[in-house]
Structures are given as structure tokens and as C-alpha cells.
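Take a look at the structure set out below.
The values are calculated or read from the model by the stated rules, or taken from the named source; none is laboratory data. Values in this document were obtained by computation on a predicted structure and should not be read as measured data. Here the Cβ positions follow ideal geometry from the backbone for every residue, glycine too, while neighbour counts run over all protein chains shown. All accessible areas refer to the heavy atoms of the entire protein, side chains included, with ligands and DNA or RNA removed. Shrake-Rupley method; radii C 1.70, N 1.55, O 1.52, S 1.80 Å.
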Amino acid sequence: KVKLDANESPYGFRVLRSVKTNQYPDPEAKALRKLAAQDLKVKPENILHGNGSDELIYNLIVTFGGPVLYPVPTFSMYGIISQALGEKKIELPLDEKFDIDSQEILKSAKKNRAKLIFLSSPNNPTGNCFSPRKVLEIIRKSDRLVVVDEAYQPFSARNDFLPLLNKYKNLIILRTLSKVGLAGLRVGFMIASPEIVFEVNKVRLPFNLNSLSQKVAVELMAKKREMNRNIKSIISERKKLIREMSILPGIRPYPSDANFILFKVDPDRERRSQRGGKAEKIFSALLNRGVLIRNMTGAVADCLRVTVGTPKENAAFVKALKQVL
Ligand code: PMP
């Protein structure tokens, strides 16, 4: 009934457009890239389109290979794709504030000759942005390719890294339309120097983005006012949810710059002296009440993640959570 598990936007658009189903899609997605370039204030040559940013992560690793370095916990696909392609993964832990250790990343990238460094900021599943100073230090001091994955940037008050593209040739930025209401279309963008775009474009399958998605994305990207209104609603609902969750006993929500909230169950539990497993129980009990969130205990101990939905969905989640706790 209440689906709050996958960091989708609760606000979608219903459309049915006639496209020429007999013809292949535009392999270069020209109209879409032109529009995205205007939006992001870059040139179309700086943009490569993907079937979601997942596909761009895949294409980046196919193009440049490993070792692939990233902090953990983070978005699982960096590791899954590296492993699927037989590339070495280097996982470095985030600190207790879920921030990166830039010195450690620089040192390890050099020692292991990492080809790609992935930094999801805001980070999934922790929800925070990494310290911009530390991200910049990595971009500046490393001669490795640094991919800043800004999938959740629309929900963050922090500045994005796009303005630095011209200055740092090793910087690659990922964006997606998935979090602003178009996850079903599978449209993602890589923004980088034309040289990097040229290389990654060699491994991209020619018709990776279907005609319907291209057309509908072009049409809906024009609905900026509605999209911005939805984003604002999610940001204010996030604030409200965090406030409501903060006063509940037995859980602690973490701050968030994204469209989801990570929260810890039994935050005061002494690791060794008491039994865990409460987070799983809460997850299942919520599901029994028709509320699906994400069980993150495999990645972050005792943690669950809830996507910010409509006011009604969020109220249903809080009501169920109160009952369950
Ligand atoms: N990057 C991050 C950090 C994500 O959390 C996600 C989606 N969960 C993606 C990329 C992939 O998004 P998509 O493939 O839908 O564009």
C-alpha cells in the first residue's frame, strides 16, 4: 500500500505519446542532450546519456577498468558492477559521521593504482553530503578519474560540482532523472570533458535509450515548475519526518540531504551486551502493516531507510512506526 523503499519520487506524470515504434531511437539522443545541456549549463559534447545512471556506471567501468575505489557504505552498484566485470574493488570505510577520509582515499588510490574513484554525494544510504573540501581535495590532488555521483543533488542545499568541470579534467559527474519523478523512463546523464565522453561513448550500445523515454523525458523536462514544486514538498516533508522520528523512543534518524532518511534502531544498545535483530523485526512489522521501507542492516548495522513520500504516505509510515515501536 505504501511503497517507500526505492528512493523514487512519489510524484509522477501519466503520459501516452505516439512514437515511431518501427524506427530505432536516435542513437545520440540529440534533443534530450541539448535540453540537459541547457539545464546544466554545459555543452551537449559534455553529456553522455545512459539507460539510467546505472548504465553509465557500468560503461565507465567497462571503459576505464579497475581497480575501482569507493567509500562504504555507499550505493551498491559500484561494487556489483565491478565484481560482474571482474575488476578489483577497493572499499574504504566512512568515518563515524559518514564522511570520507580524503587522505586515506588519496593514499589508497595511489598505492593500488585505482582507475576510478566513485563518490556518491549525497550518499546513498547514509543521506549526507561528503565534506565538499575533502571531495575537492581528492579531485585536485589525484590524477585518477573521480566520479561524483549527484543522483540526489536536487534535494541538497549544498553546491554541486558542475562548475568545476572546466577546471578539473579528471572530474566526472553523474545525474539522473530517476529521483525527480521519471525513474520508470531510465534516463541518466554523465557530464565530463569531451575527451572522456568520447571514450565512454565507444562502449555505449548504440540504441541504449529507447524512443519513448527520449521523447517523454524531453517533454517532461520542460515541466520544471511542477518538478521544483515536488522537490520542495519532499524537502519540507523530510524536515517534518525527521522532526517526528526524532522524538520517537528507540530510533534515531540521521540528517539527510537526499529524498530518504536513514535511521538507527536501538541507538543506545551496547553492541555486545544485548541482542540485535530489532531492525529486521521493525522492518517486517511495518511490512505487515502495508508499509515497505528498506532494510539496510546488511550495509549499516541496525539501520533502516525510508524514502520521503507524499504527506499522506509519510503520515501512514509514522503512524505504523509508532504502533510497531
Ligand atoms: N546513484 C545513486 C547514488 C543511486 O542511489 C541510484 C539509485 N538508487 C543511482 C545512481 C541509479 O539511478 P538510475 O540508474 O535510476 O539513474
Name every residue in segment 28-47 that is outside any strand (DSSP E or B) and open to solvent by less than 90 Å² (accessible area, probe 1.4 Å), in order of residue number.
A29, A31, L32, R33, L35, A36, A37, D39, L40, V42, P44, N46
Would you confirm whether or not segment 3-16 contains a residue that is buried (at least 22 other Cβ atoms within 10 Å of the Cβ) and small (G, A, S)?
yes
So in segment 293-308, with the set limited to residues that are farther than 18 Å from A258 by Cα and either in contact with an Asp or Glu (Cβ under 9 Å, 6 or more places away or on another chain) or not small (G, A, S) (or both), which one is surrounded by the most Cβ atoms within 10 Å (Cβ to Cβ)?
D302
Unmet requirement for G50, which otherwise passes all of (1) open to solvent by 20 Å² or more (accessible area, probe 1.4 Å); (2) under 28 Å from R33 (Cα atoms)
(1)
Just one of (1) buried (at least 16 other Cβ atoms within 10 Å of the Cβ); (2) touching a Ser or Thr at 6+ places or on another chain (Cβ under 8 Å) trips up P311, so point out which.
(1)
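Based on what the data block shows, is I90 crowded, with 17+ Cβ neighbours inside 10 Å and among the aliphatic types (A, V, I, L, M)? Spell out how you get there, then give the answer.
Values: crowded, with 17+ Cβ neighbours inside 10 Å: yes; among the aliphatic types (A, V, I, L, M): yes.
In short, yes.
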Residues satisfying the stated conditions in segment 220-270, i.e. part of a helix (DSSP H, G or I) and of a type in the set (S, T, N, Q):
N228, N230, S233, S236, S246
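Residues to consider are K240, K224, K264; find the one that is exposed (fewer than 13 other Cβ atoms within 10 Å of the Cβ), among the basic types (K, R) and closer than 28 Å to Y11 by Cα.
Details: K240 fails: exposed (fewer than 13 other Cβ atoms within 10 Å of the Cβ); K264 fails: exposed (fewer than 13 other Cβ atoms within 10 Å of the Cβ).
Going through K240, K224, K264 in turn, just one is exposed (fewer than 13 other Cβ atoms within 10 Å of the Cβ), among the basic types (K, R) and closer than 28 Å to Y11 by Cα: K224.
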The condition from (1) crowded, with 18+ Cβ neighbours inside 10 Å; (2) at pLDDT below 95 that I100 misses is numbered (2)
Conditions first: (1) away from the ligand (no atom under 14 Å from the Cβ); (2) closer than 29 Å to K224 by Cβ; (3) in contact with a helix residue (DSSP H, G or I) (Cβ under 8 Å, 6 or more places away or on another chain); (4) not small (G, A, S). V148 passes all but one, so which condition is the exception?
(1)
For segment 78-102 the number of residues that are touching a strand residue (DSSP E or B) at 6+ places or on another chain (Cβ under 9 Å) and in a helix (DSSP H, G or I) is 5
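Could you check, for segment 280-292, whether at least one of its residues is open to solvent by less than 30 Å² (accessible area, probe 1.4 Å), under 22 Å from Y11 (Cβ atoms) and out of contact with any Phe, Trp or Tyr (no Cβ under 9 Å at 6 or more places or on another chain)?
Residues of segment 280-292 that are open to solvent by less than 30 Å² (accessible area, probe 1.4 Å), as a first pass: 282, 285-286, 290-291.
From what is left, the residues that are under 22 Å from Y11 (Cβ atoms) are 290-291.
Then drop every residue that is not out of contact with any Phe, Trp or Tyr (no Cβ under 9 Å at 6 or more places or on another chain), which leaves 290.
Looking through segment 280-292, at least one residue is open to solvent by less than 30 Å² (accessible area, probe 1.4 Å), under 22 Å from Y11 (Cβ atoms) and out of contact with any Phe, Trp or Tyr (no Cβ under 9 Å at 6 or more places or on another chain).
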Does M221 satisfy being modelled with pLDDT of 95 or more and within 15 Å of the ligand (Cβ to nearest atom)?
no
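In segment 156-185, what residues are away from the ligand (no atom under 11 Å from the Cβ) and touching a residue at least 60 places away in the same chain (Cβ under 8 Å)? Lay out the reasoning, then the answer.
Going through segment 156-185, the residues away from the ligand (no atom under 11 Å from the Cβ) turn out to be 156-173, 181.
Of everything in segment 156-185, those that are away from the ligand (no atom under 11 Å from the Cβ) and touching a residue at least 60 places away in the same chain (Cβ under 8 Å) turn out to be S156, A157, R158, L162, L165, I172, G181.
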Considering segment 17-27 alone, what residues qualify as being at pLDDT 85 or above and open to solvent by less than 60 Å² (accessible area, probe 1.4 Å)?
P25, D26, P27
State which residue pairs qualify: first residue on the phi > 0 side of the Ramachandran plot and inside segment 295-315, second residue assigned to a strand (DSSP E or B) in any location, beta carbons under 9 Å apart, and separation of 6 or more residues or different chains.
D302/K264; D302/V265
Among the strands (runs of 3 or more DSSP E) confined wholly to segment 134-219, which include 3 or more residues that are in contact with a strand residue (DSSP E or B) (Cβ under 8 Å, 6 or more places away or on another chain) and open to solvent by 10 Å² or more (accessible area, probe 1.4 Å)?
none
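Which residue is farthest from the ligand (Cβ to nearest atom), if the candidates are limited to segment 116-145 and must be more than 14 Å from the chain's Cα centre (by Cα) and within 19 Å of Y58 (Cα to Cα)?
So the residue we want is R144.
Give me a count of the residues in segment 30-64 that are more than 16 Å from the ligand (Cβ to nearest atom) and at negative phi.
Step one: list which residues in segment 30-64 are more than 16 Å from the ligand (Cβ to nearest atom), which gives 30-31, 34-35, 37-38, 41-46, 63-64.
Subset that is at negative phi: 30-31, 34-35, 37-38, 42-46, 63-64.
Going through segment 30-64 one residue at a time, the tally reaches 13.
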Checked segment 69-87 for anything in contact with a helix residue (DSSP H, G or I) (Cβ under 9 Å, 6 or more places away or on another chain) and more than 14 Å from the ligand (Cβ to nearest atom); matches are L69, S82, A84, L85, E87
